[in-house]
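Report on the structure given below.
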Amino acid sequence: MLWQSGSTLLTQSDRRSAGKAGALSGWSRRQHRTAYLMILPAVVAMLLVHYMPMLWGFYISLHDVNLFTMADWMNAPFIGLRNFVDAFDPSTTTGARALRALLNITVYSAVTVSVGYLIGLAVALLLNQQFWGRTFVRGLILLPYITPDSVAYKVWTFIFQSRIGILNRYLIQWGLVSEPPIWLIGPPALWAVVAASVWKGWPFSALILLAALQKIPQDLYEAARVDGASIWQQFAWITMPHLQSVTVTLLLMSILWNFNAFNQFYVMLGRDPGVAAEVPSTLILREAFTNLRYGIGSALSIILMLILLIVTVVYLRVLRATAGAEEV
Amino acid sequence: MRPRRAIQQILLYLAVGLVVLVVLVPYAWMISGSFKETLELQSSDVTVARLRPTWIPRRPTLRNYREVNSSVPMLSYFRHSILISLGTMAVATVLALLAAYALSRFNFRGREAYTVSVLATQMLPGILFLIPYYLIFTTISRKTGIPLRDTYWGMIFTYTSFALPFSIVMLRSYMNGIPLEIDEQAMIDGCTRTRALWSVIVPLATPGIAAVAIYAFIMAWNEVLFASVLTGRVTRTVSVGIMDYITATSSNWGGMMAACIVISIPVLILFTAMQRYIVEGLVAGATKG
């Protein structure tokens, strides 16, 4: 599992195979050198793109890096935590936006993750039944997942157009509304993005859950039927417990991905989605690359990372606590 | 019992039909839009029964496809994307192959720490790297005179390291499935390590390698955030370029839908070709990872 401690990360077969390879030729020092040489290029690439920028990100967040100092940003004046204070000062536009962005992304993630998971689960259960054309449908549901983000979200933007969109056509035709709603401006914009993201996100959940469903031994269900268990009881006592571990990983991954959501907001609503649909990524991008206040942008992105870290730790703690209670 | 079974069957097919419908509706709207005349799109109005937007274009036209390159330089964007994606694919595959082989075959100090750090980078927000990365890019360019922003090399390098974490994990789990005895046999027969890797392991791991290569290609093709900041006139990719069809002064939805179809085609072809392996890799990455 992704988030368990390092010691459980490598599977048993990993350990065995590596141990054996080490034993194959006794020259362990040479072995080490070969191994290090082989991972070196990957390490260097990731150092340069991931780890080093992360450290510099901390540095930038503590310095006054803006339009005037950016040319020589490594010597920008040190200002302690002022960027962090300014970034969340509710009396400024940015501060108010930052607080609203955190609220928006929480609402967005909660709805997108839970609805996406439920739909994915329902479809996985459905596709686990026998029916004609099953293989074809299983392939077909991956379409939204593999369609490029910018394509999918532009098509949804087109669907949500107020005057020329297909959605409003049916809303008016069926008499559900009398005036065509404007979906992509103001408060409804967040929900339009939620709808598009759910459409794009559920196939991944369905794919992972279906793979887990297929691993459940069929004789468990047969035994349950012999004992007279209803469909609902079989679901609650056989299916769900078997999906538990994959659900844990899937939900955590979805929460993290959705908290970082950028593409859907940027493609559907543009650089400035407006107060009601502002999210951290769009705010940070604008703060840094439109207003050229890199220090504040960095401070905001570090806060975002810390929030994700806390969410992950709390999630795993709660999980471990409940799992422990069940075992007792 | 029989009628109840029949009803169950009907409900099952209705549910499957609903799923297929939900998946396909946006694609139908995209295809329909790509064959509509600009005039039809601009004059349609949901409030006027006569002008309602329709699924079937009133006067189907191929003009959006023929003129896909006229208002927006889509063909250049397409060329940039192809070069960047192919470059990323080549570099990421080689680096991932070496790293995955080392992780799967050697027991070296720091192996577990390395694996954890590889997985951790996958979960961090991209925006976190973007600001420092951009500033470092700018500084290196100014100090050394080597341009990095808006160059193919800069983009290929950036995307390679994005593709690496998942590629390494996916390929490692594939290689763990290849028995060690095969390496041993090759080396007893007098192969060197390198020889054993290239002429024995690589052919056996071809499906895994192909899946990783296609994953890297698709990742580079679809990326939006870094492309929106780091690419410019010379390297603008399709994912960002697609937005040029709608500007403050004109909205060419027909052209945009045609372009959407054109830029989805490479991804669809590659994914369909290697679907089984990529799906296996995704599932393994999420469950075993």
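What is the number of the single condition among (1) out of contact with any helix residue (DSSP H, G or I) (no Cβ under 7 Å at 6 or more places or on another chain); (2) buried (at least 16 other Cβ atoms within 10 Å of the Cβ) that B:F78 does not meet?
(1)
Failed condition for B:R149, given (1) crowded, with 20+ Cβ neighbours inside 10 Å; (2) more than 9 Å from every other protein chain (Cβ to nearest Cβ); (3) in contact with a helix residue (DSSP H, G or I) (Cβ under 6 Å, 6 or more places away or on another chain), with all others met?
Failed condition: (1).
Any residue at all in the range A:262-271 that is more than 19 Å from B:M123 (Cα to Cα) and more than 12 Å from every other protein chain (Cβ to nearest Cβ)?
There is no residue in the range A:262-271 that is more than 19 Å from B:M123 (Cα to Cα) and more than 12 Å from every other protein chain (Cβ to nearest Cβ).
Taking the range A:160-204 as the region of interest, how many residues are in a loop (DSSP other than H, G, I, E, B) and aromatic (F, W, Y)? Explain how you work it out, then say what you get.
Pass one, the range A:160-204, residues in a loop (DSSP other than H, G, I, E, B): A:160-165, A:174-187.
Then keep just the ones that are aromatic (F, W, Y); that gives A:160, A:174, A:183.
Adding up the residues that qualify gives 3.
Give the residue, chosen from B:I140, B:I131, B:I127, that is without any contact (Cβ under 8 Å) to a residue 40 or more places away in the chain, assigned to a helix (DSSP H, G or I) and buried (at least 18 other Cβ atoms within 10 Å of the Cβ).
B:I131
Hey, among the residues in the range A:230-246 that are hydroxyl-bearing (S, T, Y) and away from chain B (no Cβ under 11 Å), which one's farthest from A:L306 (Cα to Cα)? If you could, list the steps in order and put the result at the bottom.
Step one: of the range A:230-246, the residues hydroxyl-bearing (S, T, Y) are A:230, A:239, A:245.
Then keep just the ones that are away from chain B (no Cβ under 11 Å); that gives A:230, A:239.
On the way: A:S230: 45, A:T239: 35 Å.
Within the range A:230-246, the match that is farthest from A:L306 (Cα to Cα) is A:S230.
Restricting the search to the range A:292-323, which residues are among the polar types (S, T, N, Q) and in contact (Cβ under 8 Å) with a residue 12 or more places away in the chain?
Residues satisfying the conditions are A:S298, A:S301, A:T312.
Please find, within the range B:241-251, the residue that is surrounded by the fewest Cβ atoms within 10 Å (Cβ to Cβ) out of those that are in contact (Cβ under 8 Å) with a residue 60 or more places away in the chain, over 14 Å from A:V155 (Cα atoms) and not acidic (D, E).
Filtering the range B:241-251 for residues that are in contact (Cβ under 8 Å) with a residue 60 or more places away in the chain, over 14 Å from A:V155 (Cα atoms) and not acidic (D, E), the one surrounded by the fewest Cβ atoms within 10 Å (Cβ to Cβ) comes out as B:S250.
For the range B:47-84, give me each residue that is in contact (Cβ under 8 Å) with a residue 40 or more places away in the chain and of a type in the set (F, W, Y).
If the condition is that a residue be in contact (Cβ under 8 Å) with a residue 40 or more places away in the chain and of a type in the set (F, W, Y), then B:Y65, B:Y77, B:F78 are the ones that fit.
Assess whether A:V279 counts as being surrounded by 12 or more Cβ atoms within 10 Å (Cβ to Cβ) and in contact with a Ser or Thr (Cβ under 7 Å, 6 or more places away or on another chain). If you could, list the steps in order and put the result at the bottom.
Numbers: surrounded by 12 or more Cβ atoms within 10 Å (Cβ to Cβ): yes; in contact with a Ser or Thr (Cβ under 7 Å, 6 or more places away or on another chain): no.
When the stated conditions are applied, A:V279 does not pass them.
Exactly one condition in (1) modelled with pLDDT of 95 or more; (2) crowded, with 21+ Cβ neighbours inside 10 Å; (3) within 25 Å of A:V137 (Cβ to Cβ) is not met by A:A195; state its number.
The single condition A:A195 does not satisfy is (2).
The values are calculated or read from the model by the stated rules, or taken from the named source; none is laboratory data. Note that the structure is a prediction, hence the values are computed from the model and not measured. Here the Cβ is made from the backbone with ideal geometry for all residues, glycine too, and neighbour counts use every protein chain on show.
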